[in-house]
Amino acid sequence: MQPAVRKRQSDAPRSSTNPSQPGSKPKGSSMKRPQFHFDLWFYLTVQNWVLDFGRPIVMIILPLEWFPLNKPSAGDYFHMAYNVITPFLLLKLIERSPRARPRSAVYLSIITFVMGASIHLVGDSINHRLLLSGYQLHLSVRENPIIKDLKPATLIDSFELVYFYDEQLGHLMWYIPFFIILFLYFTGCFTHVKEEKTMPLSGWLLLGPSALYYWYLVTEGQIFQLFLLTFLAMVATVIHQRHKGSVPDANGLFLFASFSVTMCLVAVWVAWLWSDPVLRKKYPGHLYVPEPWSYYTLHVKDSH
């Protein structure tokens, strides 16, 4: 009996204090200590500028002979890389959230994001081929000189379907889950610790490029309504959390500040082009937000 008792006594402390036991965490470690994720924000900003904004530019710069019209272009390869790298970085961002986010919502958002971005890849590839043939972005599909006289006329319906997949369905399935993931991450970026309220210098340095990219995303993607709803939801979350005594941590401040500056940039852009008659015709309605590339084909391209 005595050896058995001694064995139980020696095993008891080992099993209760072993830190490698699944689910065993030190007291008070249920929430990760918030730190500014400079590496992830930097990677996201750089790949957004290079792989998303840079797609049409690299297609213009590189010789057409390198990428025949019946083969993928350099911009298409950029888009393929974006479709892989961006969801990976978003998942890494969610992993670092101070609070656990609902996995089902995250997984469904990532799956939908990849599907929408892939749909957009195909439609956008065809659209850029049309640009090289004289397609004008500031005109509708049926008003474009290279399309309006096509025979049979049903071909125009096919090009309108491509436009629908590219500019409408692809954008919605791409951007809605994108902003859902960012909002889910933002709702976990609140803390009671006052010293975590300030944003480090690295965050301020990334703020300008990040906000400027979101301006491009909102205007070129024609998703101002979605962006506005996300921003208002973030404002409501901040107000609600302040009543509970919580404030955004450094990552939450960075995301909120980026969106705030983006709102100002969009307002300046709309005010500048408010009276443009051609763009007004293509983008009717009260929520008038013209696309930068439409402005380029209308006012910049032909002037050179």
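The values are calculated or read from the model by the stated rules, or taken from the named source; none is laboratory data. Note that this is a predicted model, so its numbers are computed, not measured. With ideal geometry, Cβ positions are generated from the backbone for all residues, glycine too; neighbour counts draw on all protein chains shown. Accessible surface areas use protein heavy atoms only, side chains included; no ligands, DNA or RNA. Shrake-Rupley method; radii C 1.70, N 1.55, O 1.52, S 1.80 Å.
Shape of the range 215-304 from the C-alpha gyration tensor: prolate (a/c of 1.5 or more and a/b above b/c, with a ≥ b ≥ c the square roots of its eigenvalues).
Between residue 146 and residue 50, the modelled label-to-label distance comes to 3.0 nm, taking each label 7 Å out from Cα in the direction of the beta carbon.
Kindly state, to the nearest 0.05, the FRET efficiency for residue 91 paired with residue 163, given R0 = 30 Å and r defined as their beta-carbon distance. The computed FRET efficiency comes out at 0.45.
Dipole magnitude of the range 212-304 about its Cα centre, charges +1 at Lys/Arg Cβ and -1 at Asp/Glu Cβ only, in debye to the nearest 20?
200 debye
Where Lys and Arg each count +1 and Asp and Glu each count -1, what net charge lies around residue 217 among other residues with Cβ under 12 Å from its Cβ? Here the charged neighbours net out to -3. When peptides 207-219, 144-156 are ranked by their average number of other Cβ atoms within 10 Å per residue, the highest-first order is 207-219, 144-156.
Descending by average beta-carbon neighbour count within 10 Å, the peptides 60-66, 104-110 line up as 104-110, 60-66, the highest first. Note on the chain: dipole from Cβ charges, positive end direction compared against 43, 119, 222; the farthest Cα belongs to 43.
Rounded if a/c is under 1.5, else prolate if a/b beats b/c, else oblate: with a ≥ b ≥ c from the C-alpha gyration tensor eigenvalues square-rooted, which is the range 127-186? Prolate, since a/c reaches 1.5 and a/b exceeds b/c. Taking Cβ atoms as reference points and 11 Å as the exclusive limit, the residues near residue 67 contribute a net charge of 0, counting Lys and Arg as +1 and Asp and Glu as -1. Centroid-to-centroid, using Cα positions, the range 215-290 and the range 84-115 are 22 Å apart.
For the chain, with only Lys/Arg (+1) and Asp/Glu (-1) charged at the beta-carbon, what is the dipole magnitude about the Cα centre, in debye rounded to 20?
Working: 27 positive and 20 negative charges, 388 e Å.
Here the chain has a charge dipole of around 1860 debye.
From the largest down, the range 154-252 spans 63, 28, 15 angstrom on the principal axes of its Cα atoms. With contributions of -39500 (n - 2.57) from each DSSP H run of at least four residues, the per-residue ellipticity at 222 nm computed over the chain stands at -20500 deg cm²/dmol. Placing unit charges on the Cβ atoms only, positive for Lys and Arg and negative for Asp and Glu, gives the range 96-159 a dipole magnitude near 500 debye about its Cα centre. Given R0 = 22 Å, the distance between the Cβ atoms of residue 232 and residue 270 translates into a calculated FRET efficiency of 0.80.
Where the accessible area of the chain is counted over protein heavy atoms with a 1.4 Å probe, how much of it, in %, is carbon and sulfur?
Numbers: 11250 of 16730 Å².
Using a 1.4 Å probe with all protein chains present, the chain comes out at 67 percent carbon and sulfur.
Positive end of the dipole of the range 159-304 (Cβ unit charges, origin at the Cα centre): among 263, 277, 245, the Cα lying farthest that way belongs to 245. For the chain, a/c is not less than 1.5, where a ≥ b ≥ c are the root eigenvalues of the C-alpha gyration tensor, and a/b tops b/c. That puts it in the prolate class.
The mean accessible area for residues of the range 148-298, using a 1.4 Å probe and ignoring ligands and nucleic acids, is 48 Å² per residue.
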